[in-house]
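*Asks:* Mind looking over this structure? Questions follow.
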Amino acid sequence: STFPEFSAIDSKWRTHLTTTPAGASQQQQPDKGKFYILSMFPYPSGALHMGHLRVYTISDVLARFRRMQGYEVIHPMGWDAFGLPAENAAIERKVGAREWTEKNIQAMKEQFLAMGGRWDWEREVTTCAPDYYAHTQRLFLQLHKHGLAYRANSTVNWDPVDETVLANEQVSPSGHSWRSGALVEKKELEQWFFRITEFRGQLLEDLESLKDTWPERVRAMQKNWIGKSEGAKIKFQVSDAEVLEVFTTRPDTLPGVQYLALSTSHPIVKRCAENDEALREFIKSVSERDQMAEKSKHGFPLHEVTARNPLDGLEVPVWVAEYVLEGYGEGAVMGVPGHDTRDYAFWRHNFPGQPIRTVIAPASSAQAPPEDEVFTGRGIVTEGAFKGLTSAEATKALLAKEGWIERTTQWRLRDWLVSRQRYWGAPIPIIHCHSCGTVPVPEKDLPVMLPEGIEIHGRGGSPLAKATEWVNVPCPSCGSPAKRDTDTMDTFIDSSWYWARYIDPQNEVEPFSPEKADKLLPVDLYIGGVEHAILHLLYSRFIAKFLSRVGMWPNPSNGTAEPFKKLVTQGMVHGLTYSDPETGRFLRPDELDGTTKEPTIKASGKTPNKSYEKMSKSKYNGVDPSTCIATHGADATRAHVLFAAPVSDVLNWDDDKIIGVRRFLWRVLKLASSVTAPTTTQSPTPKTPPEIKLWNAAQDTIKSVTEAFAETMALNTTVSDLMKLENTISASLTMCSPEILYAATQTLLKLLAPIAPATAEEAWEMVHRAKGGHVLAQSWPEVDTRVFEIEEVAREVAIAVNGKVRFTVEVGNGDDVMELVKQRKEWEKWTGGMSVVRVIEGKGGRLMNFVLKKVE
Ligand code: ANZ
Ligand code: ZN
């Protein structure tokens, strides 16, 4: 073939594609303003994986699109570079954590360039660099100054494998560490917290402003995590001197209370445990078990304690129950087995055979629960003083009572535990002094440098405690010997504000300038994995609101200080996985015979099971982005990433399918070689029906691709739309004027440029004989507002039989020529007894020649 290899095209355009041109771009239109596109920055593990390839392709494509549209585009990249893997590498491989991290960054940067992506490298941030973490520490001190960073003794989640404390958010619903997977234990420790709860109302309400721009699922997860719940506190008398308070969202079920259940750390439980060995055993077993499993039915009776229902005076037993959370509500539950599923399960297990009281009936039979299930909905009260009232009416009447019930709101959100007993993180800028207490490190002394080159062991408390020289410092306030805080900050703090640092990355005195914040924030489009739907996004939203409150982001243009105006969550990339149909064991590539179209298992000759699974080493289904780019070229890889699935769906990676995309790019180059830029610069007017058809196809494509890029994010359809347009142009080559062909090709290349920039540049160069500048420097095409319709003119078509013209027919635009021809009596005359072998259409549709032969 006469076309160069894609890898050659890639390297030819590499520098042009990946570097920021000096000076303002020529396309930039002042009235458009800025457009800040951000994709979640990677952890520098050493290599990009397919998930990275997907998210960074999406963001590069959209950034190129916005640049062509004339926006001042901010498209930064950086490194979420603190964290455990570097620390473990330092322990296991005896390389410095920084050295390891920097080497990985270099390797990954190469991969970013190989993708043909362009990032604002002049804005690059690395969270483990002192010029970054100095400001993370500054932020800590700001929070401290405003009373939002505080120290408290608390029962914390302790990861026994990583030997560190975890935030609640970092513990899975089943009670396991999000990172090590270990079953999390409880431990009493003094820790640093950020008072995120201070902003809970705003964090909840402002979700409303993201209604049309964030995925519904993510907003729901945030809402659920914040967990506002309205209900009442109800007092149960335990003795003359003591009451027990519970939190309930269903005061209307009060007549159905059959027991009370307390968490293991409830004061009453602690008191009883003092002289009850069996109870102490039970408490211990709970703390060692899977705490978060909501369905747990384990309990222990407190025989000396009974409680009196304030509504009817009935006595109910009091238990300790595993399912009662200590940090929520009052750490105490009124058990209503008749109307709550957990209470029902608990009752069945601990009070076998004993009757269950039902006190609420469904308002209509449609609401009735299935057999064997309790009715958990609201309905009509059937027992007690409020019999006959609806749940809502009963609740209202109860809340009007005095002395033992009080309306209250509970929140699930807890303060953010931020101290970690780890080495590779930003040191907490605090000094502990015997006489002054906790003293902030003065601003001028920032950063508190993380000591490097020290011996760090993985186990047993804060590694920094062993850096004696570093630890022992004079107190900044009184000068007497004092000690630095030896914990480091949760790495989620680093990423909770990086989006703001990018707008002013060289600022030495403050994290970023408030003027720049007002001008360049928020992020207009944020792209990343849905696995960050709670933690990272919630922390970033909290920090944004804090920054705004303290005047660091004084006037958010969107009013609500939401950091990410629009959010796109991309789906995972799954790999083709083969397994043995009998054992289910995953098969290595070398266990398969790939010579046949459908591979077989070498050992058994059987056909393996095929499925798409999350890529992992243990499933032998990983695909390396670099290999893919080296084989197919960056453009085909990028286009395939977009084309293979809608952005939010799982992408099942099938290497074979890239071939189709590659062929499309080849056809674009072929087309470019047969189209020439005309000498005039005037916009042409389509005249003939084929020209109008092509013109309209180009306009439709501009419209659909622009909409997909700007609004709907239906990025997969952009590739298919461009394939269609290429087809139409190529099929029109002999039917349209060079001007029209050129105009359509130009449109195709401009629309293609964000997705396949090297191919588009190469084709652009061919069309313009290297005199047309760069396609990426062109303005994004606008839909032509002129309307061209193919007129309903009848044309005369000459009908020839075996080469001789016999008669003519008048053909309108929508007409079927064959139908018209067959209706004519001349047809019968000239063709009777013969059958049509072939129909040859003449130039411009004005002649039809029927080749006939005698019927045997
Ligand atoms: C009685 C009742 C009857 C309840 C009924 C529900 C249904 P949300 O909506 O999540 O706020 N609860 C209260 N404190 C608890 C704790 N520390 N640990 C575990 N469960 C607790 O849930 C509120 C409901 O969860 C409360 O309302 C309480 O059970 C339980 F038909 O009280 B309910
Ligand atoms: Zn002091």
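*Asks:* Of all residues in segment 819-838, which are loosely packed, with under 12 Cβ neighbours inside 10 Å and closer than 29 Å to T688 by Cβ?
*Replies:* Scanning segment 819-838 gives E819, K822, Q823, R838.
*Asks:* Name the single residue that is least open to solvent (accessible area, probe 1.4 Å) among those in segment 13-67 being in a helix (DSSP H, G or I) and farther than 28 Å from G529 by Cα. Show your work before the answer.
*Replies:* First, the residues of segment 13-67 that are in a helix (DSSP H, G or I): 13-18, 30-32, 50-67.
Cutting the leftovers down to farther than 28 Å from G529 by Cα gives us 13, 15-16, 30-32.
Details: W13: 15, T15: 93, H16: 61, P30: 126, D31: 130, K32: 69 Å².
Per the stated criteria, the residue is W13.
*Asks:* Could you say whether any residue in segment 242-251 is open to solvent by 40 Å² or more (accessible area, probe 1.4 Å), within 14 Å of ligand 1 (Cβ to nearest atom), assigned to a loop (DSSP other than H, G, I, E, B) and among the polar types (S, T, N, Q)? Reasoning before the result, please.
*Replies:* Taking segment 242-251 and keeping what is open to solvent by 40 Å² or more (accessible area, probe 1.4 Å), we get 242-243, 245, 249.
When the remaining residues are screened for being within 14 Å of ligand 1 (Cβ to nearest atom), the result is 245, 249.
Those still in the list that are assigned to a loop (DSSP other than H, G, I, E, B) too: 249.
When the remaining residues are screened for being among the polar types (S, T, N, Q), the result is 249.
Checking segment 242-251: at least one residue is open to solvent by 40 Å² or more (accessible area, probe 1.4 Å), within 14 Å of ligand 1 (Cβ to nearest atom), assigned to a loop (DSSP other than H, G, I, E, B) and among the polar types (S, T, N, Q).
*Asks:* Identify all residues within segment 68-82 that are outside any strand (DSSP E or B), in contact with a Phe, Trp or Tyr (Cβ under 6 Å, 6 or more places away or on another chain) and more than 24 Å from T718 (Cα to Cα); write none if there are none.
*Replies:* Scanning segment 68-82 gives P76, M77, D80, F82.
*Asks:* Among what's in segment 445-460 and is within 22 Å of I493 (Cα to Cα) and open to solvent by 30 Å² or more (accessible area, probe 1.4 Å), pick the residue that is nearest to ligand 1 (Cβ to nearest atom).
*Replies:* Result: P447.
Yes/no per residue for (1) free of Cβ contacts under 8 Å to residues at least 24 places away in the same chain; (2) of a type outside the set (S, T, N, Q):
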{"residue": "H146", "(1), (2)": "no, yes"}
{"residue": "A149", "(1), (2)": "no, yes"}
{"residue": "D159", "(1), (2)": "no, yes"}
{"residue": "E163", "(1), (2)": "no, yes"}
{"residue": "S180", "(1), (2)": "yes, no"}
{"residue": "V184", "(1), (2)": "no, yes"}
{"residue": "L204", "(1), (2)": "no, yes"}
{"residue": "S209", "(1), (2)": "no, no"}
{"residue": "M221", "(1), (2)": "no, yes"}
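*Asks:* Here's a follow-up. If I go through segment 379-425 residue by residue, how many of them are at pLDDT below 95, open to solvent by 70 Å² or more (accessible area, probe 1.4 Å) and within 15 Å of ligand 1 (Cβ to nearest atom)?
*Replies:* Looking only at that region, the number is 3.
*Asks:* With the requirement that a residue be within 16 Å of L48 (Cβ to Cβ) and crowded, with 24+ Cβ neighbours inside 10 Å, what does segment 617-639 give you?
*Replies:* P625, A634, T637, R638, listed by residue number.
*Asks:* Let me ask another. Return yes or no: is V269 away from ligand 2 (no atom under 16 Å from the Cβ), open to solvent by less than 30 Å² (accessible area, probe 1.4 Å) and at pLDDT 95 or above?
*Replies:* Considered against the rule, which asks whether it is away from ligand 2 (no atom under 16 Å from the Cβ), open to solvent by less than 30 Å² (accessible area, probe 1.4 Å) and at pLDDT 95 or above, V269 comes out as yes.
*Asks:* Being open to solvent by 10 Å² or more (accessible area, probe 1.4 Å) and without any contact (Cβ under 8 Å) to a residue 40 or more places away in the chain, is that true of even one residue in segment 747-758? Explain how you work it out, then say what you get.
*Replies:* So the first thing to find is which residues in segment 747-758 are open to solvent by 10 Å² or more (accessible area, probe 1.4 Å), and the list is 747, 750.
With the extra rule that they be without any contact (Cβ under 8 Å) to a residue 40 or more places away in the chain, the set shrinks to none.
No, because not a single residue in segment 747-758 is open to solvent by 10 Å² or more (accessible area, probe 1.4 Å) and without any contact (Cβ under 8 Å) to a residue 40 or more places away in the chain.
*Asks:* Say we look at segment 469-507 and pick out the residues that are among the charged types (D, E, K, R) and farther than 30 Å from F564 by Cβ; which of these is farthest from ligand 1 (Cβ to nearest atom)?
*Replies:* For segment 469-507, the residue satisfying everything is E469.
*Asks:* Scan L262, L314, L325 and give me the residue that is closer than 26 Å to T395 by Cβ, within 10 Å of ligand 1 (Cβ to nearest atom) and either modelled with pLDDT under 95 or open to solvent by 20 Å² or more (accessible area, probe 1.4 Å) (or both). I'd like the intermediate steps shown before the answer.
*Replies:* On the way: L262 fails: either modelled with pLDDT under 95 or open to solvent by 20 Å² or more (accessible area, probe 1.4 Å) (or both); L314 fails: within 10 Å of ligand 1 (Cβ to nearest atom).
On inspection, the qualifying residue turns out to be L325.
*Asks:* Can I ask one more? Restricting attention to segment 539-579, which residues are of a type in the set (S, T, N, Q) and open to solvent by 10 Å² or more (accessible area, probe 1.4 Å)? Outline the logic, then answer.
*Replies:* Step one: list which residues in segment 539-579 are of a type in the set (S, T, N, Q), which gives 540, 548, 555, 557-558, 560, 569-570, 577, 579.
Answer for segment 539-579, where residues must be of a type in the set (S, T, N, Q) and open to solvent by 10 Å² or more (accessible area, probe 1.4 Å): S548, N555, S557, N558, T560, T569, Q570, S579.
*Asks:* Of all residues in segment 715-753 being of a type outside the set (S, T, N, Q) and not in a helix (DSSP H, G or I), which is modelled with the lowest pLDDT?
*Replies:* Filtering first and then ranking leaves M735.
Conditions tested, residue by residue: (1) closer than 22 Å to E761 by Cβ; (2) modelled with pLDDT of 95 or more.
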site	(1), (2)
D649	no, no
W653	no, no
K657	no, no
R667	yes, yes
T681	yes, no
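*Asks:* So, one more: Residue by residue through segment 580-591, note down the ones that are outside any loop (DSSP other than H, G, I, E, B), within 35 Å of the chain's Cα centre (by Cα) and surrounded by 13 or more Cβ atoms within 10 Å (Cβ to Cβ).
*Replies:* If the condition is that a residue be outside any loop (DSSP other than H, G, I, E, B), within 35 Å of the chain's Cα centre (by Cα) and surrounded by 13 or more Cβ atoms within 10 Å (Cβ to Cβ), then F586 is the only one that fits.
*Asks:* While we're here: Tell me which residues, restricted to segment 772-790, are open to solvent by 90 Å² or more (accessible area, probe 1.4 Å) and of a type in the set (A, V, I, L, M).
*Replies:* Correct list: V787 only.
*Asks:* Which members of segment 776-832 meet the condition of being in contact (Cβ under 8 Å) with a residue 24 or more places away in the chain, part of a loop (DSSP other than H, G, I, E, B) and among the hydrophobic types (A, V, I, L, M, F, W, C)?
*Replies:* Residues satisfying the conditions are W780, V783, F788, I790.
*Asks:* Further question: Can you tell me which residue among P362, P369, P352 is within 16 Å of ligand 1 (Cβ to nearest atom) and exposed (fewer than 14 other Cβ atoms within 10 Å of the Cβ)?
*Replies:* Values: P362 fails: exposed (fewer than 14 other Cβ atoms within 10 Å of the Cβ); P352 fails: within 16 Å of ligand 1 (Cβ to nearest atom).
On inspection, the qualifying residue turns out to be P369.
*Asks:* For segment 128-149, indicate whether the set of residues that are part of a strand (DSSP E or B) and open to solvent by 20 Å² or more (accessible area, probe 1.4 Å) is non-empty.
*Replies:* no
*Asks:* Continuing with this model, one more query. Criterion first (touching a residue at least 60 places away in the same chain (Cβ under 8 Å), open to solvent by less than 10 Å² (accessible area, probe 1.4 Å) and within 13 Å of ligand 1 (Cβ to nearest atom)) does F236 satisfy it?
*Replies:* Against the criterion (touching a residue at least 60 places away in the same chain (Cβ under 8 Å), open to solvent by less than 10 Å² (accessible area, probe 1.4 Å) and within 13 Å of ligand 1 (Cβ to nearest atom)), F236 qualifies.
*Asks:* Within segment 657-713, count every residue that is more than 30 Å from L525 (Cβ to Cβ), in a helix (DSSP H, G or I) and not aromatic (F, W, Y).
*Replies:* Going through segment 657-713 one residue at a time, the tally reaches 16.
*Asks:* Could you list, in sequence order, all residues of segment 476-498 that are within 16 Å of ligand 2 (Cβ to nearest atom), within 20 Å of R151 (Cα to Cα) and not hydroxyl-bearing (S, T, Y)?
*Replies:* If the condition is that a residue be within 16 Å of ligand 2 (Cβ to nearest atom), within 20 Å of R151 (Cα to Cα) and not hydroxyl-bearing (S, T, Y), then P476, A482, K483, R484, D485 are the ones that fit.
*Asks:* Filter segment 464-488 for residues that are among the hydroxyl-bearing types (S, T, Y) and open to solvent by less than 60 Å² (accessible area, probe 1.4 Å); which is nearest to the chain's Cα centre (by Cα)?
*Replies:* Applying the first criterion (among the hydroxyl-bearing types (S, T, Y)) to segment 464-488 yields 468, 477, 480, 486, 488.
Retained after the next criterion (residues that are open to solvent by less than 60 Å² (accessible area, probe 1.4 Å)): 480, 486, 488.
Working: S480: 49, T486: 33, T488: 27 Å.
Among those residues, the one meeting the criterion is T488.
*Asks:* Condition test on L464, is it modelled with pLDDT of 95 or more and within 25 Å of W100 (Cβ to Cβ)? Show your work before the answer.
*Replies:* On the way: modelled with pLDDT of 95 or more: no; within 25 Å of W100 (Cβ to Cβ): yes.
Spelling it out, it is not the case that L464 is modelled with pLDDT of 95 or more and within 25 Å of W100 (Cβ to Cβ).
Okay, residues lined up against (1) more than 16 Å from ligand 1 (Cβ to nearest atom); (2) open to solvent by 50 Å² or more (accessible area, probe 1.4 Å); (3) under 19 Å from F564 (Cβ atoms):
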site: N168; (1), (2), (3): no, yes, no
site: V184; (1), (2), (3): yes, no, no
site: K187; (1), (2), (3): yes, yes, no
site: F194; (1), (2), (3): yes, no, no
site: E198; (1), (2), (3): yes, yes, no
site: E208; (1), (2), (3): yes, yes, yes
site: K211; (1), (2), (3): yes, yes, yes
site: P215; (1), (2), (3): yes, no, yes
site: G227; (1), (2), (3): no, no, no
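*Asks:* Please determine whether any residue of segment 791-813 is loosely packed, with under 11 Cβ neighbours inside 10 Å, modelled with pLDDT of 85 or more and acidic (D, E).
*Replies:* So far as segment 791-813 goes, yes, one or more of its residues are loosely packed, with under 11 Cβ neighbours inside 10 Å, modelled with pLDDT of 85 or more and acidic (D, E).
*Asks:* Sticking with this structure for a sec: Consider segment 329-349. How many of its residues are open to solvent by 70 Å² or more (accessible area, probe 1.4 Å) and under 40 Å from the mean Cα position of the chain (by Cα)?
*Replies:* Selection size over segment 329-349: 2.
*Asks:* Can you find even one residue in segment 426-444 that is away from ligand 2 (no atom under 16 Å from the Cβ), assigned to a strand (DSSP E or B) and buried (at least 18 other Cβ atoms within 10 Å of the Cβ)? Full working, then the answer.
*Replies:* Initial filter on segment 426-444 (away from ligand 2 (no atom under 16 Å from the Cβ)): 426-428, 443-444.
Remaining after also requiring assigned to a strand (DSSP E or B): 427.
The next check asks that each one be buried (at least 18 other Cβ atoms within 10 Å of the Cβ); those that pass are 427.
Within segment 426-444, one or more residues are away from ligand 2 (no atom under 16 Å from the Cβ), assigned to a strand (DSSP E or B) and buried (at least 18 other Cβ atoms within 10 Å of the Cβ).
The values are calculated or read from the model by the stated rules, or taken from the named source; none is laboratory data. Quantities reported herein were computed from a predicted structural model and do not represent experimental measurements. So basically every Cβ, Gly included, is an ideal-geometry build from the backbone, and we count neighbours across all protein chains shown. For the accessible areas, the whole protein counts, side chains as well, though only heavy atoms, and no ligand, DNA or RNA atoms are used. Shrake-Rupley method; radii C 1.70, N 1.55, O 1.52, S 1.80 Å.
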